[in-house]
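These notes concern the structure reproduced below.
The values are calculated or read from the model by the stated rules, or taken from the named source; none is laboratory data. Small disclaimer: the values here were computed from a predicted structure and weren't measured. Note: ideal-geometry Cβ built from the backbone for every residue, glycine included; neighbour counts use all protein chains shown. Surface accessibility is based on the protein's heavy atoms, side chains included, excluding ligands, DNA and RNA. Shrake-Rupley method; radii C 1.70, N 1.55, O 1.52, S 1.80 Å.
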Amino acid sequence: MSKQKMIKAPRGTYDILPDQSYKWAWISDKFKQVAASFNYLELVTPIFESAQLFERSVGDQTDIIEKEMYKFKDRKGRLLALRPEGTAPVVRSYIENNLRAGNSISKLFYNGPMFRYDRPQKGRYRQFYQYGIEYIGTADPFADAEVILFSDYLMSGLGLEKYRLEINSIGCSLCSEQYNKALVTYFQRYTDQLCSDCQKRIKNNPKRLLDCKVPNCKSLADNAPSMLDYLDEKCQEHFEQLKSHLDSLDVDYIVNPKIVRGLDYYNRTAFEIIDIATEAQTALLGGGRYDNLIEFLGGKDTPAIGMAGGIERLIAAMEKENLPFGEQPKPDIYVINNDISTKKEAMLVTAKLRKNGLKVEFEIEKNSFNKQFKAALKSGANFTAIIGEDEKNTDTVTIKNLRKEEQSRYKNDEIVAIMNEKCKKHR
Ligand code: AMP
């Protein structure tokens, strides 16, 4: 075979390397702990879905659908999409599997890769990992407060301090209609100063003008009418109650009337947690209420609220604040065969220890004791189990504590109980 050009990972994707993967695991575990304490259950949905699911729910005028969705036909010509977000699949599954039956409330969480044909840059990838929760079955502002509290616990539980919670209400469809009209009237005066995307947004999705990142559009948006002045009585009452619950829970927040969220299905509460340590002030997570989506996708009228955040951005924020990610996994015991003739005995001791739940490395390639010992030190193990000719002949194993420079010899058939005890103390 002739040598071929190296194949690289697709643009905007990356490998989670072995010396980094524990960070992902740490955050996923923390997320699952918070989910358990709020009594959420995991729902795992496919990575690809019918493209229509997203087109109908996220909205075909949004950036995600218009520009960013990985859409393809399978061999039978079905139009599929790699999921760009997690809420629509959860709602699809909730309806399809009739999860509502017998449960007035469903509290669900997910955690996995999402795909968007975004412009790759720091904190923005084409495959990224999102965790999220959905609180389905209630329109009560207590649920909004709980979802926000969950988000805040997750951030503070990871040790983060440099973040800010921003909340808004984007009202219901009635308030939105009035507000959209006010926005169109305002922005139409400046059409020629808007970027080409915003010129289209005026017609299709005027609220999206408020979160355009182009400096000129941004400064025009600063003086645009505020959504909060267009909330009807019920939406205003909902927002007031949410704020009062957050105050009672001692959750710090600011009201930012410019949070509109990029997806069509939101109504009333919208919120984001912003990383204030970065100049770009990127969103660590975002969420909102979507009271009409379930009915819109063919289910019964069921209000709901949820949130989702990206793991990559959390890792970057934690690294910036020098926060720990737990320990990188390492073996408890490193087994050394002091002599080439004892390699098989070393393998058997290794197998026995592993079968009893200990984390054990067995050096296969290096034959000299010194090389094996150096490898044991490098592995971070607390103990080495040494098996040489002498140990083989007396059916014993020498255990060396690498932290204390102590060593003792034990009977081979006692080794599991002894090492279980010793390793427990070191955990
Ligand atoms: P969204 O569904 O757009 O509201 O995104 C929710 C969260 O997912 C954001 O706050 C980010 O933390 C994360 N996120 C969204 N898009 C990307 C991306 N392209 N790369 C990495 N993280 C992302």
Of residues in the stretch 105-149 being among the acidic types (Asp, Glu) and either open to solvent by less than 50 Å² (accessible area, probe 1.4 Å) or part of a strand (DSSP E or B) (or both), the one farthest from the ligand (Cβ to nearest atom): Asp144
Residue check, Ile276 open to solvent by 10 Å² or more (accessible area, probe 1.4 Å), within 19 Å of Gly309 (Cα to Cα), of a type outside the set (Phe, Trp, Tyr) and at pLDDT below 95: yes
Test for Ala270: is it closer than 25 Å to Glu66 by Cβ, within 16 Å of the ligand (Cβ to nearest atom), open to solvent by 10 Å² or more (accessible area, probe 1.4 Å) and assigned by TED's automatic domain parsing to the domain that holds Ile167: no
Any hit, the stretch 275-284, residues being over 30 Å from Ile315 (Cβ atoms), free of Cβ contacts under 8 Å to residues at least 12 places away in the same chain and not charged (D, E, K, R): no
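Results for (1) over 19 Å from Ile65 (Cβ atoms); (2) open to solvent by 60 Å² or more (accessible area, probe 1.4 Å); (3) over 32 Å from the mean Cα position of the chain (by Cα); (4) in the same structural domain as Gly59 (by TED's automatic domain parsing), shown as yes or no for each residue.
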{"position": "Gln178", "(1), (2), (3), (4)": "yes, yes, yes, no"}
{"position": "Lys181", "(1), (2), (3), (4)": "yes, yes, yes, no"}
{"position": "Tyr186", "(1), (2), (3), (4)": "yes, no, yes, no"}
{"position": "Tyr190", "(1), (2), (3), (4)": "yes, no, yes, no"}
{"position": "Gln193", "(1), (2), (3), (4)": "yes, yes, yes, no"}
{"position": "Lys203", "(1), (2), (3), (4)": "no, yes, yes, no"}
{"position": "Lys207", "(1), (2), (3), (4)": "no, no, no, no"}
{"position": "Lys218", "(1), (2), (3), (4)": "yes, yes, no, no"}
{"position": "Asn223", "(1), (2), (3), (4)": "yes, yes, yes, no"}
Segments classed as strands (runs of 3 or more DSSP E), wholly inside the stretch 383-427, with at least 2 members that are open to solvent by 80 Å² or more (accessible area, probe 1.4 Å) and in the same structural domain as Gln372 (by TED's automatic domain parsing): 406-411
Failed item in (1) at negative phi; (2) within 28 Å of the chain's Cα centre (by Cα), with Asp250 passing the rest: (1)
All positions within the stretch 283-333 that are open to solvent by less than 10 Å² (accessible area, probe 1.4 Å), away from the ligand (no atom under 16 Å from the Cβ) and out of contact with any Leu (no Cβ under 7 Å at 6 or more places or on another chain): Ile294, Thr302
Complete set of residues in the stretch 150-171 that are open to solvent by 10 Å² or more (accessible area, probe 1.4 Å) and touching a His at 6+ places or on another chain (Cβ under 9 Å): none
